[in-house]
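One structure is given here, and the rest of the page talks about it.
The values are calculated or read from the model by the stated rules, or taken from the named source; none is laboratory data. These numbers were taken from a predicted model, which means no experiment stands behind them. FYI the Cβ positions are ideal-geometry reconstructions off the backbone, even for glycines, and counts take in every protein chain you see. Note: accessible area is taken over every heavy atom of the protein model, side chains too, but ligands, DNA and RNA are not part of it. Shrake-Rupley method; radii C 1.70, N 1.55, O 1.52, S 1.80 Å.
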Amino acid sequence: MGMNNYSQQLYAEALALELAGYFEAAKAKYQQILGLDDQKAEVWHGLSRVYFYQDQYDQALDALECGLKLDGTQGSQYYHLGLIWEKLGNITEAITAYQRAIDLDAEGVDGCLKLGEIWAELGDFEAAELYYHKAIERQPNTAIGYLKLGNLFLGQNRVQDAIALYQTAIKIHPDDSDLLYQMGLALTVNNNSQKADLYFGLAAESQHQYETAIQFYQNILQTQWATVEIYLKLGNCYQGLDQWVEAVHIYEIALQRFPDGVELYLALISAWQNLGETQKSLPIAEQAIALFPHQIAVKFAKQRLLPILYESSEEIARYRQHFTEELTQLIAETDLENLEVKQQALTAIGTGTPFYLQYQGYDDLELQQQYGGFVHRIMKANYPEWTKPLLLPSLSPNQKIKIGYISAHLTWHTVGLVFLGWLRDCDHNQFEVSCYFTGEEADQITDLFQLYSDQFYHIYGNLEDIVEQILENQVQILVFLDIGMCPQLTQIAGLRLAPIQCAAWGHPITTGLPTIDYFISAELLEPQDAESNYSETLIRLPNLGINYPKPLLPKTQKKRLDFGLKQDAILYLSCQSLFKYLPDFDIILVAIAKQVKLAQFVLIAHWNAAITEKFKHRLKRSFAEKNLDSEEYCMILPRLDKIDYLQLNAISDIGLDSIQFTGFLTTLDSLSSHLPIVTGQGKWMRSRQSAGILQRLEIIETIAKNREDYIKIAVKLGLDSEWRLAIREKIKQNLGKLYEDKSCIQALEAFYQQTISM
């Protein structure tokens, strides 16, 4: 018998607490379930794990043995038993348990690896080698077996065997830092220090130890191993340290040595763009096109050149025209019947997206459709078998609908935090949920996505592996949470991998892709005539469309002086990414400053210091035009961790939202601290997000009708403390409406069911 609904809910909560590291709370939940029904093996196993994490090994053993009496069929249970016996010092029992784990799980490698470690420690290297080989045979694409066996060889002074094994493993896992470092050690022992430097550098870079990696790469530049790739890696390390000028210098030196290195031109174009010097990127792109007329990647690089930060409205119009003309020309010149061209085009669309186009404040539908159609044709040319229409299978009355969610941001990121609630309260009696995480590094939010999924796949880097897994699962509805942010996700979205494909608003702009059938948005985020803004069929979920938990506010409270802010100022916090602020936003700040003499505007720095400096210069010029000193009014703080960021909201007086592309999660965070927000309400969803949130709170007083109204509201909030306090109190009273809104889940699942039955 399975657990009832109440016990299932408690079990899900216990697992979530365990994954998050709250072991005492998890233990209490597991014990609560067992108090209701002590015949659930998985609950005993969960309790045993928690005891183990708390170093209470006798209790862990007792709990696990209770579970094994109920169900002893899973290899993972005996693997955990082996871990406990090891901690208790009983190696004989541990070996028996690990062997049992191996016998029960024909594909598992954990027991093999543990037995390899034990026999190596006991000096039986032949037995250790046998079990490491068994691990590799079971999972030949997993790095750890190769690493353990290679280290065993190295310890036995079998250096050539170790090198050969590491080489095999590195072909499968080229970025595994442990494999790379061990290869460096093996080459050092083999008296090949020059080649060893390469692997030590690669290992350090993969662990983001950029200064160490730079030292090794600089050594290599003096040897025969100096290549274009080494210069590129050296430049990437300088970028990782936010030393973009040094990166530019490296690429320029490399081009003197390797003038035919097209990758160096691409890196130099990108580096200047990230420095905010787009005007310097353009002639380099033109030079590269002249030198490499058949390299599609260079043409794409030129076409995608858009500033991160604009100096004037005229500059926006000029670059928009550049983008449009270059896209039209690129499409016309790309012969997808040519094998080499279509392969180059596939690679090129995997290196970037028109991300910054959406921050110009214009209608992007036509350009998105033009680009989306181009992406689809490129994907079709390379993968014709993956672009054919798929028919919906007939479902039996009790058959679950298969839903897939895919994103590179199932992490502590806006996308992961906003959409986790869709899975957390999913009706798993009606739906089978598969998640496809395509990002590099997982975290606690990733663990929760895995917990709330029926199947979870973390596949990083390889597009074809991701696609094949989705097709193998035969999902009926595939939901892309954030098309437009990650190039690979745009590529995948250009294919047909499910009969029904949807986009959510992780990146709130129509995809323009003919392969995306629906765009899932929300009632309060859209204007009445929003259908005309999308190439997809628009679906509006109730209210804000999210099932978001109430955030936990920091217990300790920082003061303004802790952030270097004025104690007596009227503090206006504007915490959006700097590229969201177009030049006309500066005029708003100046207009407020002219009327609120004690105003201090607080913004958050861009991740690239060069962009932050450009923004400061733009503010300085705008304030100076009205005979004001921007440094008297404006403070740009360094990027903050979550706790400091929430505390900054708590000590601020007023929030100023960006206009053409508003906040969403940032607005939710600010409101959790009861901060009054001034925002606008534009034509497109991306310019209405904060307004929708305020409408949900029934606070329309601070939603501006136009720019003049925005200034008027911001000034009144600054000068009228009673009104400001009244807005704070209204936020406080209505704040609960933002959280745990499960109406969107019901509507989303109704949409899935209706779409399947159409």
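Out of the stretch 298-334, which residues are in contact with a Lys or Arg (Cβ under 9 Å, 6 or more places away or on another chain), of a type in the set (Asp, Glu), open to solvent by 50 Å² or more (accessible area, probe 1.4 Å) and outside any loop (DSSP other than H, G, I, E, B)?
GLU333
Of the residues in the stretch 213-235, how many are in contact with a helix residue (DSSP H, G or I) (Cβ under 7 Å, 6 or more places away or on another chain) and either free of Cβ contacts under 8 Å to residues at least 12 places away in the same chain or under 23 Å from ALA297 (Cα atoms) (or both)?
Total meeting the criteria: 7.
What is the residue count in the stretch 2-32 for residues that are at pLDDT below 85, of a type in the set (A, V, I, L, M) and within 16 Å of GLY67 (Cβ to Cβ)?
1
So, GLN74, is that one among the polar types (S, T, N, Q) and out of contact with any Asp or Glu (no Cβ under 8 Å at 6 or more places or on another chain) or not? Can you show your working first?
On the way: among the polar types (S, T, N, Q): yes; out of contact with any Asp or Glu (no Cβ under 8 Å at 6 or more places or on another chain): no.
When the stated conditions are applied, GLN74 does not pass them.
Which of the residues belonging to the stretch 154-170 are within 15 Å of VAL189 (Cα to Cα) and crowded, with 16+ Cβ neighbours inside 10 Å? Break it down into steps so the answer makes sense when it comes.
Kept after step one, since they are within 15 Å of VAL189 (Cα to Cα), are these residues of the stretch 154-170: 154-164, 166.
LEU154, ARG158, VAL159, ASP161, ALA162, ILE163, TYR166, listed by residue number.
Having 1 or more residues that are among the aromatic types (Phe, Trp, Tyr) and within 30 Å of TYR22 (Cα to Cα) is the bar; report the strands (runs of 3 or more DSSP E) wholly within the stretch 432-528 that clear it. Can you show your working first?
Working: elements: 455-458, 477-480, 500-504, 518-522.
Qualifying strands (runs of 3 or more DSSP E): 455-458.
Using beta carbons and a limit of 6 Å, which pairs, at least six apart or on different chains, have the first residue in the stretch 436-455 and within 13 Å of LEU481 (Cβ to Cβ) and the second one among the aromatic types (Phe, Trp, Tyr) and surrounded by fewer than 15 Cβ atoms within 10 Å (Cβ to Cβ)?
ILE445/TRP412
Being touching a helix residue (DSSP H, G or I) at 6+ places or on another chain (Cβ under 7 Å) and surrounded by 24 or more Cβ atoms within 10 Å (Cβ to Cβ): is that true of ILE483 here? Break it down into steps so the answer makes sense when it comes.
Details: touching a helix residue (DSSP H, G or I) at 6+ places or on another chain (Cβ under 7 Å): yes; surrounded by 24 or more Cβ atoms within 10 Å (Cβ to Cβ): yes.
Spelling it out, ILE483 is indeed touching a helix residue (DSSP H, G or I) at 6+ places or on another chain (Cβ under 7 Å) and surrounded by 24 or more Cβ atoms within 10 Å (Cβ to Cβ).
Here is a yes/no grid of residues against (1) modelled with pLDDT under 95; (2) among the charged types (D, E, K, R); (3) open to solvent by 70 Å² or more (accessible area, probe 1.4 Å):
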| site | (1), (2), (3) |
| --- | --- |
| ASP105 | yes, yes, no |
| GLY108 | yes, no, no |
| GLY116 | no, no, no |
| ALA128 | no, no, no |
| THR142 | yes, no, no |
| GLY145 | yes, no, no |
| LEU152 | no, no, no |
| ILE172 | yes, no, no |
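What about LEU694, is it in contact (Cβ under 8 Å) with a residue 60 or more places away in the chain, open to solvent by less than 30 Å² (accessible area, probe 1.4 Å) and not in a loop (DSSP other than H, G, I, E, B)? Outline the logic, then answer.
On the way: in contact (Cβ under 8 Å) with a residue 60 or more places away in the chain: no; open to solvent by less than 30 Å² (accessible area, probe 1.4 Å): yes; not in a loop (DSSP other than H, G, I, E, B): yes.
For LEU694, the condition - in contact (Cβ under 8 Å) with a residue 60 or more places away in the chain, open to solvent by less than 30 Å² (accessible area, probe 1.4 Å) and not in a loop (DSSP other than H, G, I, E, B) - is not met.
Specify which of the listed residues (LEU10, LEU47) is surrounded by 15 or more Cβ atoms within 10 Å (Cβ to Cβ) and within 20 Å of GLN77 (Cα to Cα). Lay out the reasoning, then the answer.
Working: LEU10 fails: within 20 Å of GLN77 (Cα to Cα).
Matching residue, one of LEU10, LEU47: LEU47.
Return a yes/no flag: does the stretch 192-199 have any residue that is closer than 22 Å to GLN243 by Cβ and either open to solvent by less than 60 Å² (accessible area, probe 1.4 Å) or at pLDDT below 95 (or both). Before you say what the answer is, go through the steps one by one.
Looking only at the stretch 192-199, we keep the residues that are closer than 22 Å to GLN243 by Cβ, and these are 197-198.
Keeping just the survivors that are either open to solvent by less than 60 Å² (accessible area, probe 1.4 Å) or at pLDDT below 95 (or both) gives 197-198.
Yes, the stretch 192-199 has at least one match.
Considering only residues that are of a type in the set (A, V, I, L, M), touching a helix residue (DSSP H, G or I) at 6+ places or on another chain (Cβ under 7 Å) and open to solvent by 20 Å² or more (accessible area, probe 1.4 Å), which ones fall in the stretch 709-758?
ILE711
Looking at the stretch 606-618, can you tell me whether even one residue there is surrounded by 21 or more Cβ atoms within 10 Å (Cβ to Cβ) and of a type in the set (Phe, Trp, Tyr)?
For the stretch 606-618, residues surrounded by 21 or more Cβ atoms within 10 Å (Cβ to Cβ) and of a type in the set (Phe, Trp, Tyr): present.
Could you check the stretch 552-565 and list, in sequence order, the residues that are in a loop (DSSP other than H, G, I, E, B) and crowded, with 17+ Cβ neighbours inside 10 Å?
Of the stretch 552-565, the ones in a loop (DSSP other than H, G, I, E, B) are 552-559, 564-565.
Hit for the stretch 552-565 is LEU565, nothing else.
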